[in-house]
Structures are given as structure tokens and as C-alpha cells.
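These notes are about the structure you will find just below.
The values are calculated or read from the model by the stated rules, or taken from the named source; none is laboratory data. Small disclaimer: the values here were computed from a predicted structure and weren't measured. Here the Cβ positions follow ideal geometry from the backbone for every residue, glycine too, while neighbour counts run over all protein chains shown. Quick note on the areas: whole protein, heavy atoms, side chains included, nothing else; ligands and nucleic acids left out. Shrake-Rupley method; radii C 1.70, N 1.55, O 1.52, S 1.80 Å.
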Amino acid sequence: MAQVAERAERYVGGGVPRKEDPALLTGQAKFIDDISFPGMAWVGIVRSPVAHARITSVDLARVRQMPGVIAAYSGADLADDWAGGLPCAWPLATRSFPAEPTTADPRLPDHWPVAKDKARFAGDAVAVVVADSREHAKDAIEAADVDYEPLDAVLDIEAALADGAPLVHDEFGDNEAYTWSLENGDVEKVFSEAPVVVKERYLHPRLIPNAIEPRGVVVQSEPATGDVTLYSATQIPHIVRTTLSLTLGMPEQKLRVVAPAVGGGFGSKLNVYSEEAICVAVARKLDRPIKWIEERSENYVATIHGRGVIQDMEIAATEEGRTLGFRVKLYADMGAYLQLVAPGIPLLGAWLYHGVYNADAYRFEATGVFTNRTPTDAYRGAGRPEATYAVERAMDVLAKRVGKDPVEIRRLNFIPPFNEATPIASGLQFDSGNYEPTLDKALELFDYQGLRREQQARRSEGDAKQIGIGVSTYIEMCGLAPSQVLGALKYGAGGWDAATVRCHPTGKVTVITGTSPHGQGHVTSWSQIAADALGVPFEDIEVLHGDTAVSTYGMDTYGSRSLSVGGVALHFATEKIIAKAKKIAAHELEAAEEDVEWSDGALRVRGAPDRAKTIPEIAFSAWTAHGLPDGVEPGLEATFLFDPPNFTFPAGAHLCAVEVDTETGATEILRYVAVDDCGNVINPTIVEGQVHGGIAQGIAEALFEEAVYDESGNLQSSHMGYYRIPSAAELPGFVTDRTTTPSSTNPLGVKGVGEAGTIAAPPAVVGAVLDALEPFGVTDIDMPATPERVWRAIGEAKGGRS
Ligand code: MCN
């Protein structure tokens, strides 16, 4: 573990400008819609306009007569093209963890790329058109004649669980996908004996991911060889390749998946979508290149949604406010089908409902529920914003109950500092943590006392604009993940990642990573790691990713895993390079291997530092292979597959001050301070960017965004005019800082950061709004806390308007 420190660190820890940016900022980067091939045809998807209906007929005769139309297919026409349905890699059966094994089968509904018998949400694919241009494909969609026999739709989570609810999947007899629970300690006893118990219900609205670039697919097939190349705006080229080859029944080695430049994903491109399967099937049928580019309005119904959870949260505590137990029951909306990892999303927060606080007993239970809405799945934070929101809001309620300040209640209950993996109440081990200095730093930057004084003054003056302060001392679990833990949780793949380091004869280096960045700057961070580890200039390092024909098999990018798994794999691969180079250097320098050490960017003979060899020099002699020591293979290249022994658990303190206009309900954020601890940092500028973007998404959830459906299941918030994505104008400047508690999970001491802001921000913001409304007796408000909701809440509390 000390080896990194021994190496000269010139780049790691520095805010090196991102290598990716010149191409992105000058329009040179190649996105999916920049890819075309001669003879390419366009696919268009006919989507169900109703939330739940039996498909009684699909008549495509008129479509086939439309100008430019090449082909048209119903679900039945394509039925033989699938060897299986779209994948769900995390099928959970009803069970409790880890004690009771289950005999129940997971309720895994068939999910065909094109529906055959029933449409189960508004937006479900019911037919496919293929035309010579995008415009012709669009016109052809309009000409499709599909008859629907409408069925009652079930949209609400609780209504879906009620007896007699319409069934999304008839074969299961009810709409419960699974119930999964976890318990540690004597929960019943702790709660029945505790002098204080707070119990609250929190709702997480459904959110619609809005990556800058919608999804898109281009497929090129070579009939002579059977090779197919699928270009997809995806976060997971490797996983798409493995799973799609199963859906399509084609040999995996014949399918190459390429993720070109991808304009963000936020979890929504961590999926295997029907359009990917459809385009490959159509390209193989027609022997020509195929393209499909998602429209923004399609994105709203056909790309997964996030959150959509009801939480019943309880804390047991002493009269003084010391936390004794945490208990939560949550209901998670799966939507109409189980997408790639949807059932497992609540599990990503399952161990975090006691936050960074002490407890003796812990219980978590989640029920996944089918509804006639767009399927849900991972959206930035995935499971952890839900956990953080519930525990942080409930801690505020506890503070009030025992007459303490929200900062004081947190301090009283913090888990004490630790540097090594340490068991926590919910049953996992946190890697390292030191929560108080982070909070102290945030309070200082925020001027907590000053703002409290200002708040008091406004309250006594009865000012129409009231100030509120919100506190969120969050924890997250990322760096997904130890494969054995994933196995115990019934996830269908491992959690390791891979890196290859190839040292060229000319001294340049290619790094090939199994991660698949789509905005996170891996090319820069990985170059920093390799440059320091190998003593070569940053500019001499090339990083390749996102092409299954080029990159080592990896598990791709999500769950803030890439640095702490893929970046660490790179670290270990460079160690293999150094170990081999040392043998060659010792031979060439006529020294014993034990006397050669890595110092100041070269391999040097101990006591005679001028007798040295650099990695480029060794790469050349390893390539010529003219005088290698016995038993040493030519070439200087190494691959390492790293399976992390634990997750990483970044934490932090976010503080938010808002001004609420109590006459209009409008909220303005006055100050936002984020102090995050993601362990050692490779690139502080990238980290700051990640935190900024995350906070913006967290604020969006707290104040602006919500997927709204009408009673029959049509998405009303179906465009950007309705679905309120905040712009820079609605957001304040953020004050960010860091503390550093290195992770004990990996030798770089790094923890993930990609989701931190999204996880931390919602309770800080909503807590601030509620704090501003305290004089009115408002104790709860649902997200998003829109001006109308705030205004109504004040009115209701006054006993008036509702
Ligand atoms: N980093 C660092 N030091 C640390 C932690 C991270 O320098 N201690 C750097 C890493 O080297 C990397 C970046 O920060 O360049 C993010 O690293 P990490 O936390 O490992 O997260 P991932 O790369 O795995 O990214 C996934 C994460 C997730 S889950 C979502 S969702 C998300 C996010 O990243 N979606 C994004 N950030 C996004 N940023 C953009 N621009 N677009 C998205 O879609």
C-alpha cells in the first residue's frame, strides 16, 4: 500500500486540465449521430399511446406503402428474432438477507423488445418501421394502424398492491415484484423500549433523466462473416454485448459494441434497451446499416425513469436524542417491466438508512411493485439519495422532538473516527470515516451562526421572506463492487474491473480500461495515474475505452465505481510493469534485482542513483529482446483485473440556506456549502465538477423535477416545457471544499465522487425550506417543493387554503 507514496507524484492530486475537452468543446468528438454508413436505413418505433391495453391487431399495410419505407414489423413478426427477452441482471425473489435462503422464484416478467400481446405503459414499443430517411421513418410511424383494447391501468404504488388491482402481469396474480428484507440486532426490543420514536413517511417523486444527448444506436452487420458492430450511446458496452448476444441468440464474439463519445447518462444509459436489440435484428434481416436516434419526447417515455419510492422511516432514540435503532419500509415503483438492475436499486441504499449515526438495531425492507408506467432503474445516486433523504429528514424531526439543533443532534450521534474497515449497525463494514471535521469545515464556510442570527431577526420582524437552514451529513456506498457480495445479493455479474498498460518501443504508453466514461474525465485521471506510476509524461499516455474489440473486458461505468475499481486496476497493472521492468533493469545495470529500486521516476541502483533506467528505455529493450534475462518474455505489457475487497464510503456535510417568500411560496437558495470527503483525490478539478453537477441534480429533485401522469397513465410532464430542469439561472454558486480520509479498500486510498452531490443535496434543500416554514407550523412537504406546494402548505397550516 505504501508503493504509490514512494513513486514521484507529479500529476496525481493536481487539477490537470481534461484531455477530453478540446475535442468536446470544438465539436470534434464523434457522438452516435455523427456516425453514418452508405446505404444506411432509419428505424422508427411505433409506441403505445395507452398505459395498459391488449393489442388486438397491428396492421402495417399502409406503412409499407409510405414513401421511402423499406420494411415494417409487428411484435409477432420479430418474435423469432429473440432467443430471450431483454435482460434483468438483478432478479430478486422474496427473501430476507442473509439468514433465510429462499425457495421462491424471482418474478421475472417476459420483456420482449417489441410487445406482442399487451402494451404495459404509454411508450411501450408495439411495432417497428424502417425507412430510407429519418423523416420517412417518422411519417411511417404515423401510418401504423394498431388496435388496442384498453385495460384499467394501475399507476399508484399503493393502489397496485391493493386487492383486486388491475394486473400488470397476469401470470403473477398480483403486482408485487418482490419483498426483500435485512435485519440486524433486536429491532422489536429497541423500538418497544425506546423513550423516543419518530415515524415519518417520505415520498420520492419519479424523475426523468435528461442526458444532454438522448440515446441512439447505429448497427453495421457483415453478412459474409456474421460480424455485427453495434454503436450505442451507452454507459455499458461490455454488459450490452454479453446480454444482447443472449437476447439475440448470436455468438458473443461476433458482436462488437462501441460506445462512441457519449453525452452523459446519469444512470439512464446503464441499461440494455429494446432499440439496441431491434436495430441489430433489423440490420441482420435487411443486410444493411441501421440507425435509430431517440427524440427528446421519446426519451421521456422510453428511457428509464428514476426514484419513485415511498418510505416509512422510523428512528428510536433516548430522551437526549441518542439514536438506538433505525427501521424503514419502502415501496419502490418498478414500472411495467424489470429493467437491467431495477430490482436491486433499493438494495444500494439498504445498509445506509442509519447514515453516519450509531445504532444498536437496524431493519430494512423493500417491496418492488409493478405499475403501468415507464420502467424505473438506476438514476444518479440510485437507492442512496432515497436512504439519505429519509435518514437526514428523520434526524431533523428527532432534533425537534428532543429540543436540539440539527447540527447538535448529528454531532451527538456520529460514528467515531476510524481508518480501517469497521462494522456498522446495518451489517456491512464502512472503509474509513471521520465525520466531525467535515461538518466543522462546512459550518465555518457557511457561517452557520451568522445565518441563524439573521433567521431569528427575520422571524421576530415577521418578514414575508423567511430564512431556513438545512443540514445533510450524508454517507454513500459506491465503488461497485466486491463480486462475492454481489453474488450474495443475487446480482448476475461480478464487480471487478480491468486495465491493460502497453508500453510502446518509442516510450509512449497506451492504457486500456474496462470502464466507459461518458463525461467523467477518465482519460485525464487515468493518464495522471499512469504518468506518475511509470515516470512518463502525461501527454505520452493514450487511454482507450468503450470498444469491446479494443478494451479488456470490464464492468463499465456506474455506481461511482470507475476510479476505485478501474483506476485501481490500472494502479496494479503499472505495478506489474514496474516489477517486470525491474528484472530487465537489474540485468542491464548488472545489479541484483533487490538492489534496484523505483525512485524519482526511474529504476535506480540503490546507493548509485545515476545508474538508472527509465520505463521508456526498458520498453525499447523489452521490444528488441536482444538481451533479456533468462525466462523473461519480450514486450512490456500488463493486464490486471481488480476485484475490490469492499465498497468505498465517501461522506460529507452539505449545508443549504434558502429564502422562502411566504406570500408566493417561491424559494431562492441563498448559500450552498458542500464539504465532501472522497478519500485521496486524483484530479481536484474533475472532483469539483462532479460535485457541482451532482448538487445541481439534487437541487432539481428537491425543488423542480417530477414526472407527472394523468389518471389514465399518460405522461403529462412529457417535454421540457413542463418538466422543470433547472438552468444555471435557478442555481446559486456553490462553495465546495474537501476533507481527506483515505479509503482502506484500495491502495490509492480513493473513494467515489460521481454521485455525492445528488445524494447529499435533497435533504439539505428540503430541510432548509421546512426550517423557513417552521414559524407557520409546517412540518412536511413533498418533493419537489414547488412554489405552489409551499404556498399551499403555509395555507393549510394556517387552516385556510389547500
Ligand atoms: N475522481 C478523483 N478522485 C476521487 C474520486 C473521483 O479524481 N477521489 C475522479 C475520477 O478519476 C473520475 C471522476 O472523478 O475522473 C468520477 O469518478 P468516480 O467517482 O469513480 O465515478 P465514475 O467515473 O464511475 O462515474 C459514474 C458516476 C455516476 S454513477 C453517474 S450517474 C454520473 C457521474 O458519475 N453520471 C455523469 N458523473 C457524471 N458526469 C457527467 N458529466 N455525466 C454523467 O452522465
**Q.** Residues of the stretch 697-719 satisfying the condition of being within 22 Å of the chain's Cα centre (by Cα) and of a type outside the set (F, W, Y)
**A.** Q697, G698, I699, A700, E701, A702, L703, E705, E706, A707
Q: Go through S621, S564 for me and flag whichever is within 16 Å of the ligand (Cβ to nearest atom), open to solvent by less than 30 Å² (accessible area, probe 1.4 Å) and of a type in the set (S, T, N, Q).
A: S564
Q) Right, P742: modelled with pLDDT of 95 or more, in a helix (DSSP H, G or I) and surrounded by fewer than 24 Cβ atoms within 10 Å (Cβ to Cβ) or not? A) no
Q | Extreme residue, nearest to V58 (Cα to Cα), among residues of the stretch 151-168 that are touching a strand residue (DSSP E or B) at 6+ places or on another chain (Cβ under 6 Å) and not in a helix (DSSP H, G or I) | A | L151
Q. Of all residues in the stretch 783-802 being out of contact with any Asp or Glu (no Cβ under 9 Å at 6 or more places or on another chain) and part of a loop (DSSP other than H, G, I, E, B), which is nearest to the ligand (Cβ to nearest atom)?
A. A785
Q | Residue that is among the β-branched types (V, I, T) and under 30 Å from Q456 (Cα atoms), where the choices are V605, V660, V596 | A | V660
(Q) Here is a list: N413, N419. Which entry is surrounded by fewer than 24 Cβ atoms within 10 Å (Cβ to Cβ) and within 19 Å of T323 (Cβ to Cβ)? (A) N413
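One line per residue, one yes/no per condition, for (1) within 10 Å of the ligand (Cβ to nearest atom); (2) of a type in the set (A, V, I, L, M):
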{"residue": "V660", "(1), (2)": "no, yes"}
{"residue": "A674", "(1), (2)": "no, yes"}
{"residue": "G679", "(1), (2)": "yes, no"}
{"residue": "I699", "(1), (2)": "no, yes"}
{"residue": "D710", "(1), (2)": "no, no"}
{"residue": "S717", "(1), (2)": "no, no"}
{"residue": "Y723", "(1), (2)": "no, no"}
Q. What number of residues within the stretch 501-529 satisfy the criterion of being polar (S, T, N, Q), over 18 Å from A233 (Cβ atoms) and within 16 Å of the ligand (Cβ to nearest atom)?
A. 5
Q. Is one or more of the residues making up the stretch 646-655 within 16 Å of the ligand (Cβ to nearest atom), more than 22 Å from H518 (Cα to Cα) and open to solvent by 20 Å² or more (accessible area, probe 1.4 Å)?
A. yes
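Confirm whether A302 is open to solvent by 10 Å² or more (accessible area, probe 1.4 Å), aliphatic (A, V, I, L, M), within 16 Å of the ligand (Cβ to nearest atom) and within 21 Å of the chain's Cα centre (by Cα).
When the stated conditions are applied, A302 does not pass them.
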**Q.** Those residues of the stretch 514-533 which are under 18 Å from P644 (Cβ atoms), in contact (Cβ under 8 Å) with a residue 60 or more places away in the chain and part of a helix (DSSP H, G or I), in sequence order
**A.** S525, I529
Q) at pLDDT 95 or above, in a loop (DSSP other than H, G, I, E, B) and among the aliphatic types (A, V, I, L, M): does that describe V63? A) no
(Q) Checking the condition of a type in the set (A, V, I, L, M, F, W, C) and within 16 Å of the ligand (Cβ to nearest atom), which residue from F704, F642 passes? (A) F642
Q.
Restricting to the stretch 14-54, give me the number of residues that are open to solvent by less than 70 Å² (accessible area, probe 1.4 Å) and without any contact (Cβ under 8 Å) to a residue 12 or more places away in the chain.
A. 2
Q: Test Y148 against the stated conditions and say whether it is assigned to a strand (DSSP E or B), among the hydroxyl-bearing types (S, T, Y), in contact (Cβ under 8 Å) with a residue 60 or more places away in the chain and in contact with a helix residue (DSSP H, G or I) (Cβ under 6 Å, 6 or more places away or on another chain).
A: no
Q. Looking at this structure, is E575 more than 10 Å from the ligand (Cβ to nearest atom) and more than 16 Å from R502 (Cβ to Cβ)?
A. no
Q: Check whether at least one residue in the stretch 722-739 is within 30 Å of L151 (Cα to Cα) and open to solvent by 60 Å² or more (accessible area, probe 1.4 Å), and report yes or no.
A: yes
**Q.** Subset of the stretch 745-764 [near the ligand (Cβ under 9 Å from one of its atoms) and outside any loop (DSSP other than H, G, I, E, B)]
**A.** V750, A756, T758
